[in-house]
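**Student:** One structure, pasted below without further comment.
Bear in mind these aren't lab numbers, they're just calculated from the coordinates by the rules spelled out. What you see is a predicted model; the values in this text were computed from it and never measured.
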């Protein structure tokens, strides 16, 4: 995100709110399909990198 010149505020505008962006960045909330699609189309992030399973900080394992 930083390398492309985007800020957390930019992400918040894309995802709907700055708190939501913060939760995603801090791995407290998973990306939804809609969020991943917005990131892919608006910022040209490869979809494959957005859909990889990852662990939330709450310890929840990917399903």
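**Student:** Beyond 15 Å, what percent of the Cα pairs of the chain remain?
**Tutor:** On the way: 992 of 1953 pairs.
Cα-Cα pairs in the chain separated by more than 15 Å: 51 percent.
**Student:** Continuing with the same structure: Multiply the residue separation of residue 4 and residue 49 by 0.36 nm, subtract the distance between their alpha-carbon atoms, and state the gained length in nm to one decimal.
**Tutor:** Values: separation 45, 0.36 × 45 = 16.20 nm, distance 1.55 nm.
Length gained, residue 4 through residue 49: 14.6 nm.
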